[in-house]
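Derivation of every value follows stated rules applied to the coordinates shown; laboratory data play no part. What you are looking at is a predicted structure, and each value in this text was computed from that prediction instead of being measured.
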Amino acid sequence: MQRLFLFLYQYRAFLIFLFLEVICLWLIVQNNSFQSAGFFNSSNRVAGNLLQSSDNVSDYFNLADVNQNLASENARLKQELEALNSRLEYLELDTTYETTDTTLVTDIDTLTQDSVQIEKYKFLSAKVINKSVRNYNNYITINKGRSEGVEPDMAVIGNDGVVGKVKTASQHFAVITSVLHSDFQISSKIDKTGDLCTAKWPGNDPYHAELLFVPRHVEVAVGDSIVTSGYNAIFPEGVPVGVVSDVEITEDALFYNITIDLASNFNEIGYVYLIKNSLKTEQDSVQQEAEKFYAQ
């Protein structure tokens, strides 16, 4: 306290000068409209800039919550889109079977109304909490597990395309086998022609994959889109896999050598969407029964 008093006493003249200057400025602002307007405009501008800076800092620290909310909203919208697509498919079925037979029309209408209630795919958003992209077998860890409905073999996509499928899940976490895995293959098709093929990562470049089993009679060119075929019980049809970036074929080869740019950038993935096929068990069961029948 003694030092404070010594400081005030030592600089008393300067402090008194500052005090009088403040009083003078206040009197000028209070008694002159022009100076008053200029002062308040300047003070409002400074206050506004400070508030904007404070708001930017606050927004930055809230980005995690904002991203989580956006991911959840995207999952909800994807779910609604799937429901609309299901209804559209059955409406098209109803139109295809138009007939003068009243009984048949009634049967088809009943089938349509019953089937529309079944939503084949359900979507769930999750945050990536760990990942690898430089290994030969890469995995991704997410913050959702069995308590949120995550199960092995659920399809996983991102905002741009296919990401992988769930390998295993604990109560609150799950591990995804990435597309960047030596054993991962994607049942795909060339979007413009519908020809089936298989996409597989060769194990070196995280931005590219190979397109296998495309016969030489198929018309394929650089820039063609590759999407999921929907011919398995994991991925829905039409999810982007990549875009053809290189096409080669030797004179005696039966298949093309095709390279694609992967749709998903695995270095930047922060949120993913898990897709559960509610009819997967039934579909797998029917296919296995058919395989046993034709194997006899």
Rounded to whole Å, give me the distance from the Cα center of segment 123-192 to that of segment 229-296.
14
Check which residues have an amide H placed less than 5 Å from GLY242's amide H, if you skip close sequence neighbours.
ILE226, ALA263
Residues whose modelled amide H sits under 5 Å from the amide H of VAL163, counting only those 5 or more places away in sequence or on another chain, are VAL156, ILE157, GLY158
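Is there a pair in LYS200/LYS292; LYS127/LYS165; LYS122/LYS292 whose C-alpha atoms are over 21 Å apart, and which pairs would that be?
On the way: LYS200/LYS292 28 Å; LYS127/LYS165 15 Å; LYS122/LYS292 30 Å.
The pairs that break the limit, which is 21 Å between Cα atoms, are LYS200/LYS292; LYS122/LYS292.
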Name the long-range amide H neighbours of ALA174: under 5 Å, sequence gap of 5 or more, or other chain; modelled H, no Pro or chain starts.
ILE142, LYS144
From phi via Karplus (6.51, -1.76, 1.60), per-residue ³J(HN,Hα) for segment 277-284 in Hz, x at Gly/Pro:
8, 5, 9, 4, 4, 5, 5, 4
How large is ³J(HN,Hα) for each residue in segment 264-274, as worked out from phi by the Karplus curve 6.51 cos²θ - 1.76 cosθ + 1.60 (θ = phi - 60°), to whole Hz, x for Gly and Pro?
8, 9, 6, 6, 10, 5, x, 9, 10, 10, 8
Under the Karplus relation with 6.51, -1.76 and 1.60 and θ = phi - 60°, whole-Hz ³J(HN,Hα) for segment 153-166, x at Gly and Pro, equal 6, 6, 6, 10, 10, x, 5, 9, x, 5, 10, x, 9, 5
